[in-house]
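The structure appears right after this line, and notes come after that.
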Amino acid sequence: MRKILTVIFAILLATTNYALAEGDLWDNYGDQNVYGQKPVSDEEFEKALESKKGKQKRDKNIPKGKNIQQSNETELINKMSEDLPTLLVPLTLVVDENQTIPIGYYQVIGKKENGKPHLKFYQAHYLIADVPAIETNDDFNQNTISFVKLIQTSPKQVKILFGSLDFNAFAVIGTADEN
């Protein structure tokens with residue numbers, strides 16, 4: 001019985017393919033082109049790298065077929081005009097007998113109607129008030145182009161400063177009596 005086991009073990013040992021090559025065990029497994037890849041020489045690899053170095057990458061933000069010649073400053077200014085300045089009104093304002101501006105946040109749009117500037121106060125897409133304004137060349141020492149600011153000049157009056165690409169203006173509005 002011992003001889004039979006020794007002979008079987010010897011046959012198994014002789015027929016088994018041990019990978020005794022350099023590298024890992026997969027070096028001798030199957031064909032080199034098992035995965036459909038062709039071997040590449042060092043020269044071909046270097047040539048491929050050199051061909052990619054000369055090409056410039058296309059900016060993916062620019063749509064194909066359009067040539068846009070615009071500086072970064074112009075792009076920034078165009079985007080600023082889309083953003084409406086927001087104003088916090090901390091007290092109720094009285095524009096006239098028919099219009100009041102309650103406490104809240106408002107987006108302010110400056111428009112010229114019949115050559116006269118108006119400040120339009122919006123909440124969402126609802127027009128809350130239309131305030132006539134006085135156009136000026138003063139930028140009110142603001143750091144931005146598009147701005148709106150509220151300054152209380154007295155307990156019964158506030159001054160709203162507005163600036164945009166189109167014009168700068170201000171409006172003086174009375175506050176509601178709080179007795």
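FYI, it's all coordinate maths here, none of it is from the lab. What you see is a predicted model; the values in this text were computed from it and never measured. All Cβ positions, even for glycine, are placed from backbone atoms using ideal geometry, and neighbour counts span all protein chains on display.
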Query raised in the report: Under a point-charge model restricted to the Cβ atoms of Lys and Arg (+1) and Asp and Glu (-1), what is the dipole moment magnitude of segment 84-179 relative to its Cα centre, in debye to the nearest 20?
Result: 160 debye
**Report entry** Sequence-separation-based contact order of segment 79-175, relative, with Cα cut under 8 Å and 6+ spacing, percent
**Finding:** 25 percent
Requested in this report: Would you mind giving the three semi-axes, in whole Å and largest first, of the ellipsoid equivalent to segment 79-175 according to its Cα gyration tensor?
Outcome: 19, 15, 14
